[in-house]
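Undergrad: This is the structure I have questions about; it appears just below.
The numbers here are math on the coordinates, done by the rules we state, and not lab data. As the structure is a prediction and not an experimental result, all values here were calculated from the model. Reconstructed Cβ throughout: ideal geometry from the backbone, glycine too, with neighbour counts over all protein chains shown.
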Amino acid sequence: MEEHQAIHDLYHAHHRDGWGSVAVDELEFFRSVIAAERPESFIEIGTASGLSGGFIARFLAANGGRRLVTLDAEEWFFGDRTKPTGFQIDPVKGDAAVEVQRFAGITLLGLPEDVTGFDMGFVDANHQHPWPLLDTLLLHPRMPSGGKVFHHDLKLYRDDGHFNSIGPKHCFDQFPDSRRYVSPARDGNSYWLDLAMPREELGRIGAAGLLIPWTLMEPLEDAQIEDAAAQLGRHYGPALRDTFLTAAQRFNWIRISRPKRAIDKLKRRLRRE
Ligand SMILES: C[S@@+](CC[C@H](N)C(=O)[O-])C[C@H]1O[C@@H](n2cnc3c(N)ncnc32)[C@H](O)[C@@H]1O
């Protein structure tokens, strides 16, 4: 059933421009890895419309998988505020026999601790640094055997107006070649990280990445900083917790101001005309 043409047709029946979804060839990439590794339990961070989640559910069902957890910071879908986040999961999933658990209005920081035991994941949420790295660090404790975590939008920062979205690139850059793979899909926009590594090794990767200046457009809230620090401390030890707090102190409030961004954009447009 999940042949290329079937995926293509189902995708185009649901896809809308501007809804931030993965592309068909990126779905093919996910499918090939799921078919090879046969994860039983999968977590997606960044549900949005639910297009990717619906397909992941199908791929899991076709390869012995049983459970998909998907979460999103928003209750209502950003592309159409009349629709709840994840509204496309069921129509795309069809009758795939996979249990889907949805969480809306929370980040990974707020996901209950007993929602755990994943073999594979997909991070496609806030692309501003340090979110993709933070999501990766906080997924590891919920993945008992490590496993692969996909990331999306490796190239988004290069596109006009999206330079804050360098998070997936900073995250990717911290991992050794032996632990990362960029798919040729969508010209190298998706990759996986292999998290089957000792906690100490990932902690060192995390420390290096967290100290790269953050590119947040909205600062982390005090409660989010507290939660992240507590979770990093619990899972990786006090040194990584303190590194995170140092980085938060340095970078949580730096950003390129919106007025400056708007002026720069206007200048670029005038130069082009
Ligand atoms: C690019 S969209 C995801 C697209 C979806 N994976 C697909 O391919 O159909 C990003 C989503 O992440 C959500 N989001 C943003 N920041 C988040 C965070 N820190 N944690 C969880 N979700 C977040 C947004 O509300 C948005 O719905």
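Undergrad: Please state, as a whole number in µm²/s, the translational diffusion coefficient that the Stokes-Einstein equation yields for the range 4-272 at 4 °C and 1.567 mPa s, with Rh defined as the Kirkwood radius across alpha carbon pairs.
TA: Using the Kirkwood radius from Cα pairs, D works out to 68 µm²/s.
Undergrad: If you wrap a convex hull around the alpha carbons of the range 188-236, what volume per residue comes out, as a whole number of Å³?
TA: Normalising the Cα hull of the range 188-236 by residue number yields 119 Å³.
Undergrad: Can you list, bin by bin at 10 Å, the percent of alpha carbon pairs in the range 168-273, starting at 0?
TA: P(r) for the range 168-273, in whole percents per bin: 13, 31, 30, 19, 6, 0.
Undergrad: I want to check the label-to-label distance for residue 253 and residue 158. Put each point 7 Å from Cα in the C-beta direction and report it in nm to one decimal.
TA: In this crude spin-label approximation the distance works out to 3.6 nm.
Undergrad: Simple spin-label model, 7 Å along Cα-to-Cβ: residue 14 to residue 90 in nm?
TA: 1.3
Undergrad: Of 248, 87, 125, which is farthest along the charge dipole of the chain in the positive direction, counting Lys and Arg as +1 and Asp and Glu as -1 at C-beta?
TA: Working it through, the farthest residue towards the positive pole turns out to be 248.
Undergrad: Sorted by packing (mean other beta-carbon atoms within 10 Å per residue), highest first, where do 235-245, 94-104, 69-79 land?
TA: Going by the mean number of other Cβ atoms within 10 Å, highest first, we get 69-79, 235-245, 94-104.
Undergrad: Follow-up. Direction-averaged shadow area of the convex hull around the Cα atoms of the range 75-196, nm²? Walk me through the numbers before you get to the answer.
TA: On the way: hull surface 35.5 nm².
Value for the range 75-196: 8.9 nm².
Undergrad: Here is a further query. State to the nearest 20 debye the size of the charge dipole of the range 4-272 about its Cα centre, where the only charges are +1 on K and R beta carbons and -1 on D and E beta carbons.
TA: For the range 4-272, the charge dipole is close to 1100 debye.
Undergrad: How are the C-alpha pair distances of the range 17-66 spread across 5 Å bins, as whole percents from the shortest bin up?
TA: 4, 21, 32, 25, 12, 4, 1
Undergrad: Let me ask something else about it. Could you give the nm distance between label points at residue 63 and residue 113, where each point is 7 Å from its Cα heading toward the beta carbon?
TA: Computed distance between label sites residue 63 and residue 113 equals 3.2 nm.
Undergrad: If a/c stays under 1.5 just call it rounded; otherwise compare a/b with b/c (prolate if a/b is bigger, oblate if not). Do that for the range 1-151, with a ≥ b ≥ c from the square roots of the Cα gyration tensor eigenvalues.
TA: Details: a/c = 1.56, a/b = 1.11, b/c = 1.41.
The shape class here is oblate.
Undergrad: Just for the range 43-201, what percent of DSSP beta bridges are antiparallel, to the closest 5?
TA: Antiparallel bridges: around 35 percent, rounded to the nearest 5.
Undergrad: Here's a follow-up. DSSP H helices in the chain with Cα extent of 15 Å or more along the helix axis and mean Kyte-Doolittle hydropathy at least -0.5?
TA: Details: long enough: 4-14 (16 Å, -0.84); 24-37 (20 Å, 0.47); 51-62 (17 Å, 1.42); 199-210 (16 Å, -0.13); 222-236 (21 Å, -0.76); 238-251 (19 Å, -0.03); 258-272 (21 Å, -1.99).
For the chain, where a helix must reach 15 Å along its axis and average at least -0.5, the hits are 24-37, 51-62, 199-210, 238-251.
Undergrad: What percent does the relative contact order of the chain come to when contacts are Cα pairs within less than 8 Å and at least six residues apart? If you can, show how the numbers build up before the last one.
TA: Values: 469 pairs, mean separation 39.1, N = 273.
Answer for the chain is 14 percent.
Undergrad: Hey, another quick one. Along its three principal axes, how long is the range 138-220 when you only count alpha carbons? Whole Å, largest extent first please.
TA: Sorted largest first, the three principal extents are 38, 32, 20 Å.
Undergrad: Nearest 0.05, what FRET efficiency do residue 272 and residue 23 give at R0 = 30 Å with Cβ-Cβ as r?
TA: That gives a FRET efficiency of 0.70.
Undergrad: Restricting to bridges with both residues inside the chain, how much of the DSSP beta-bridge set is antiparallel, in percent to the nearest 5?
TA: Restricted to the chain, the bridges split so that about 30 percent are antiparallel.
Undergrad: May I ask you to derive the FRET efficiency for residue 230 and residue 99 from their Cβ-Cβ distance with R0 = 35 Å, giving the value to the nearest 0.05? Provide the component values of the computation, followed by the final result.
TA: Working: r = 29 Å, r/R0 = 0.84.
The calculated FRET efficiency here is 0.75.
Undergrad: Here is a follow-up. What number do you get for the range 64-145 when its Cα radius of gyration is normalised by 2.2 N^0.38 Å, N = residues?
TA: In units of the globular-protein estimate, the range 64-145 measures up at 1.15.
Undergrad: Moving on. Which of the lysines could be linked to residue 83 by a straight reach, that is with a Cα gap under 20 Å, when you skip same-chain ones fewer than 8 residues away?
TA: 93
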